[in-house]
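Down below is the structure, laid out as structure tokens.
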């Protein structure tokens, strides 16, 4: 674990590094014809991917008999939050230039933005309560709060699907993955005689 966490940290930074390489055109790399959209989409996709990886930790622990995986979940979740924030900030500052009438018009015409913003707002308390101190203070309520991640992942997939336009293969794949991961949790609770309630 001592070496694994730094290695995972470095891996999670790679999407950000890749964007910076393209921004500054190192080695001839570029962001293409629409650089702002490219940056925004990269951050958004990696935020959603890392949310799915975070959601996969518990099933992988059960399937592989690897309890040590739980020690990686906090880092993955915080990186997912970080990329979602970068996705939002890119839209807010680079795409919309913080021009509020334009933002209001964009939201009214493209409701998937509202869904994404709701997911970000729900992620915020999870990030703020990710510390050991918060876990101790909240007790059992901490686990209930962090089960909001199930809803957040589904909102993220919905947000991506709705804005994907013609090519929806990737968001559909993410929906299938999320369904399997959430389905496993439901099956596990059912097997132990509990009714599935992701927010209990």
Span from the the range 49-116 Cα centroid across to the the range 169-191 one, whole angstrom: 18 Å
20 Å cut-off, amide nitrogen to a point 7 angstrom out along residue 136 Cα→Cβ, residues in the range 44-79: 71, 74-75
Degrees, to the nearest 10: 73-89 long Cα axis against longest axis of the chain: 30 degrees
Per-residue Cβ neighbour rank within 10 angstrom, fewest leading, 93, 57: 93, 57
Per-peptide average of other Cβ atoms within 10 Å, ordering 134-140, 36-42, 47-53 highest first: 47-53, 36-42, 134-140
Residue 127-residue 176 pseudo-label distance in nm [points 7 Å out on the Cα-to-Cβ vector]: 3.1 nm
In degrees, nearest ten, helix 112-128 long axis to first principal axis of the chain (Cα): 50 degrees
Helix 169-191 axis, angle to the chain major axis (alpha carbon atoms, nearest 10°): 10 degrees
Gain on full stretching of the segment that runs from residue 78 to residue 30 - 0.36 nm per residue minus C-alpha separation: 14.5 nm
Label corresponding to volume of the Cα convex hull per residue in Å³ when calculated from the structure given, among [x] 131; [y] 142; [z] 155: [z]
Length-normalised contact order of the range 10-149 in % [C-alpha pairs under 8 Å, at least 6 apart]: 21 percent
Per-residue [θ]222 nm for the chain (sum of -39500 (n - 2.57) over DSSP H runs n ≥ 4, rounded to 500): -24500 deg cm²/dmol
Spacing of the two label points (7 Å from each Cα toward its C-beta) at residue 63 and residue 190, in nm: 1.8 nm
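No lab work stands behind these numbers, since they all come straight from the coordinates. All of these numbers come straight from a predicted model, not from anything done at the bench. Neighbour counts are summed over all protein chains in view; Cβ atoms, including those assigned to glycine, are modelled from backbone coordinates with ideal geometry.
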